[in-house]
Amino acid sequence: MQDEDGYITLNLKSRKPALTSVDPASSSLWRMMTLALLVLCVGMVVGLVALGILTVTQQRYLQDENVKVSGTLWQLARKVCQDLIKELEKKEPKSTRSHKCSPCDKNWRYYGDSCYGFFKHNFTWKGAQKYCADKDSSLVKITSKNVLEYLKDRTSLIRWAGLSRQNSNEDWEWEDGSVVSKNIFELSGNARENMNCAYFHNGKLYPAFCENDYYLICEKKSGMAKVDELL
Ligand SMILES: *[C@@H]1O[C@H](CO)[C@@H](O)[C@H](O)[C@H]1NC(C)=O
């Protein structure tokens, strides 16, 4: 029976490989699919991480831009506000009234990032220091030519500044402990023994006895110019 034989052999041949090849074929298919899924998963994770990094950097960039823009806007607001105040002062030099955009309290003048109070009370230097402290401020500190010019233009009276020294052998220091910047000004006049406090007069600082009675200038950090008052 060749047919039978052939059939049998054929059957056997086709059965044997069929039996053994069903498993490898499907398992390699599974393997392929698993691999494909794995690749997909890894791809997605990589994609998500990349997206995350992109979002974070973009957010940071936007934040930085925001900070820059609002910084510029605040500076602009300050400039416009202080120009308006200057105009007002030109019109009414005697008035202590300020533009509504000023962040400073009544009787305080807005310049740079500070509010300046020119008070006409006679105090010793210590008394002046306390007077300012009671108003959440300190005696004026002059750290730039601009501030010096500003103060000079606004008062010609003798007024205490926040500059003093422990004794004749010590350096002159501002109230925060910083020393006088020599390229802005040097102390004028002769500092005699026991003249350990400095007053401001016509753009210069002079040493004096701390027990003398003078008017004073207080200073405190200003808030931001009131932008809504500029519109
Ligand atoms: C402060 O003292 C000066 C000099 O003694 C005097 O001329 C002035 O009137 C005094 N000012 C006040 C407000 O008391």
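Figures for the structure shown
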{"item": "When residues of the range 87-115 are limited to those that are assigned to a helix (DSSP H, G or I) and acidic (Asp, Glu), the one nearest to the ligand (Cβ to nearest atom)", "result": "GLU89"}
{"item": "Residues within the range 109-131 that are buried (at least 19 other Cβ atoms within 10 Å of the Cβ) and free of Cβ contacts under 8 Å to residues at least 40 places away in the same chain, tallied", "result": "1"}
{"item": "Residue check for TRP30: among the aromatic types (Phe, Trp, Tyr) and either surrounded by 11 or more Cβ atoms within 10 Å (Cβ to Cβ) or closer than 30 Å to ASP136 by Cα (or both)", "result": "no"}
{"item": "Among residues of the range 116-147, those that are more than 16 Å from the ligand (Cβ to nearest atom) and under 16 Å from GLU175 (Cβ atoms), counted", "result": "17"}
{"item": "Candidates LEU163, LEU151, LEU205, LEU187 - the one that is outside the structural domain of LEU88 (by the TED database), surrounded by 12 or more Cβ atoms within 10 Å (Cβ to Cβ), assigned to a loop (DSSP other than H, G, I, E, B) and not basic (Lys, Arg)", "result": "LEU187"}
{"item": "Flag for CYS104 being touching a Gly at 6+ places or on another chain (Cβ under 9 Å) and surrounded by 10 or more Cβ atoms within 10 Å (Cβ to Cβ)", "result": "yes"}
{"item": "Among the residues listed as GLU211, GLU193, GLU175, GLU149, the single one being closer than 30 Å to SER70 by Cα and of a type in the set (Asp, Glu)", "result": "GLU149"}
{"item": "Qualifying position, being loosely packed, with under 15 Cβ neighbours inside 10 Å and within 16 Å of the ligand (Cβ to nearest atom), among GLU211, GLU193, GLU229", "result": "GLU211"}
{"item": "Conditions (1) under 21 Å from CYS132 (Cβ atoms); (2) of a type in the set (S, T, N, Q); (3) surrounded by 12 or more Cβ atoms within 10 Å (Cβ to Cβ); (4) within 35 Å of the chain's Cα centre (by Cα): number failed by SER156", "result": "(3)"}
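The values are calculated or read from the model by the stated rules, or taken from the named source; none is laboratory data. None of the values given here were measured: they were computed from a predicted structure. Heads up, the Cβs are rebuilt from the backbone with ideal geometry, glycines too, and the neighbour counts pull from every protein chain shown.
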